[in-house]
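Student: Please see the structure below; I have some questions.
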């Protein structure tokens, strides 16, 4: 990469212009969808459930009962005991996936006709609904890209590991699902290049606007792409908004204009960013939390037979094995354990214009697997069977499920990460309440602007994956 040329216009990211571009150099919305459909037909994929005894290289350890791989890599399924007194006494006793290595979720960017395009991959994952979805340019665990499996090296990996003079637009460590992963983090990175990029048929250049449009469809843009795109602010500054022909004032009428105004607001909201950080820090400092990994066979209330590990009441999630065949992955076939929550989840942001400026209601939520144990979550994050849901319905759940309670600004059903979860989906919602709705929020909730959320995302380990996944779907084009 030593021959790469310096990036021009390094002072302007150009995200808004890309977000407003419904057509790119290489396709419009319809032809991009046709390309994905064609790749789905072209890739040969087969996934079927198998008994644990047919998992190759995996075993339940005789002493702990943990499900592990003979290489010592990839991941293990073990137990966790956790308790917390915030916002109410909670106890978690469950299996959890321990995958301590940090993976790479990298999207390559390049300007065509002055507009940023992003290189996405039509990638098969065994747990995906529809199997093939749009993934980042590189989506790989350390075990995968160091070729522990003996397979092929991921394409375009060097753009992220040996960046040269290519420009880094985003580079963060972010958490994954804290209910299912023990302190799992990935490197979310976007790199802009001016190099010639040889294009493989499973990859396609798309504008941010095209990606956002595809996010309105179910099970099309995968979770790993959504978490990286969530780090992209809709607009970098007022000048960029004016140059793109979008007003940047709080009195903006349309929801898209309100999103831009909220993105530009750091201290103009109902509280400055310093107050938001202090509120979260105080909660983290004062909450009494104990979280301890444990042997899988010491977790009460769970049972295992030849085919699956499950909670005795049949709720929450189950673990089982699958056999995978694919002609489009680094190896042609493998077996692995997978996690399947038994019901569809809900992740919803409630929004409201306060003083004319759009705000988002976030909650500080404890989950046993997140790095700091407490991260900011959507207003409503609900999965039946989770301990937080046993006693009462989450705050504002009915408001986001009831027609007419607010204006639905976004609704889509999205598949979660298909490398570990089997056909697990979440309904993502953004609902705008009437500004006159003044119902009081619990102490673990607070109102923030979109600009403040962008700042929190930038520094990592502040917003959980469910929150980032919903925010990624926000579209200035309405």
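Student: Once every Cα of segment 193-292 carries one equal point scatterer and solvent is ignored, give the base-10 log of I(q)/I(0) from the Debye formula at q = 0.17, 0.23 Å⁻¹, two decimals.
Tutor: Summing over Cα pairs of segment 193-292 leads to -1.02, -1.23.
Student: In percent, what relative contact order does the chain have, based on Cα pairs under 8 Å that are 6 or more apart in sequence?
Tutor: Computed value for the chain: 23 percent relative contact order.
Student: Also: So what is the calculated 222 nm ellipticity per residue for the chain, using -39500 (n - 2.57) for each DSSP H run with n of 4 or more, over all residues, to the nearest 500 deg cm²/dmol?
Tutor: -5000 deg cm²/dmol
Student: Could you put 410, 46 in order, starting from the residue whose Cβ has the fewest other Cβ atoms within 10 Å? Mind dumping the intermediate values first?
Tutor: Working: 410 20, 46 11.
Lowest count first: 46, 410.
Student: Determine the principal axes of the Cα atoms in segment 337-478, then give the extent along each, sorted from largest to smallest and rounded to whole angstroms.
Tutor: Extents along the principal axes: 50, 35, 34 Å.
Student: How compact is segment 87-205 by the rule of thumb for globular proteins, expressed as Cα Rg over 2.2 N^0.38 Å?
Tutor: Normalised by 2.2 N^0.38 Å, the Cα Rg of segment 87-205 equals 1.24.
Student: Which parts of segment 321-365 would a label at residue 46 reach, counting a residue when its backbone N lies under 17 Å from a point 7 Å out along Cα-to-Cβ?
Tutor: Only 322-329, 331-336 fall inside the zone, counting backbone N under 17 Å.
Student: Assuming R0 = 56 Å, can you tell me the calculated FRET efficiency for the pair residue 443 and residue 306, based on Cβ-Cβ distance, to the nearest 0.05?
Tutor: Efficiency at R0 = 56 Å is approximately 0.75.
Student: Would you mind calculating the relative contact order of segment 362-426 from Cα pairs under 8 angstrom and at least 6 residues apart, reporting the percent as a whole number? Let's see the in-between values first.
Tutor: Values: 47 pairs, mean separation 11.1, N = 65.
Across segment 362-426, relative contact order equals 17 percent.
Student: What ranking of 382, 447 emerges when the number of other C-beta atoms within 10 Å of each C-beta is taken as an exposure proxy, fewest first?
Tutor: 447, 382
Student: Given that compact globular proteins tend to follow 2.2 N^0.38 Å, what is the ratio of the alpha-carbon Rg of segment 436-478 to that value? Don't skip to the answer; put the middle values down first.
Tutor: Values: Rg = 12.5 Å, N = 43, 2.2 N^0.38 = 9.2 Å.
Taking N as the residue count of segment 436-478, the ratio is 1.37.
Student: Order the peptides 55-61, 432-438, 322-328 from the highest to the lowest mean number of other Cβ atoms within 10 Å of their residues. It would help to have the intermediate numbers written out before the result.
Tutor: On the way: 55-61: 15.4, 432-438: 12.4, 322-328: 17.3.
In descending order of packing, they fall as 322-328, 55-61, 432-438.
Student: As a footprinting exposure proxy, order 426, 141 by other Cβ within 10 Å, with the fewest listed first. Walk me through the numbers on the way to the answer.
Tutor: Numbers: 426 26, 141 19.
Final ranking by Cβ density, sparse to dense: 141, 426.
Student: Using Cα pairs under 8 angstrom and six or more residues apart, how large is the relative contact order of segment 218-346, in percent? Working shown, then result.
Tutor: On the way: 100 pairs, mean separation 14.2, N = 129.
Reported as a whole number, the value is 11 percent.
Student: Here's something else I'd like to know. Per 10 Å bin, what is the whole-percent P(r) computed from every C-alpha pair distance within segment 288-385?
Tutor: Binned Cα distances yield the sequence 12, 26, 31, 21, 8, 2.
Student: Of all beta bridges DSSP finds with both residues in the chain, what is the antiparallel percent, to the nearest 5?
Tutor: Rounded to the nearest five, the antiparallel share is 85 percent.
Student: Over all directions, what mean area does the Cα convex hull of the chain project, stated in square nanometres?
Tutor: Seen from a random direction, the Cα hull of the chain projects 21.7 nm² on average.
Student: Please report, in whole Å³, the volume per residue of the convex hull around the C-alpha atoms of segment 212-368.
Tutor: On the way: hull volume 32.7 nm³, N = 157.
Cα convex hull per residue, to the nearest whole number: 208 Å³.
FYI, it's all coordinate maths here, none of it is from the lab. Since the structure is predicted, the reported quantities are computational estimates derived from the model, not experimental observations. All Cβ positions, glycine included, derive from the backbone under ideal geometry; neighbour counts span all protein chains shown.
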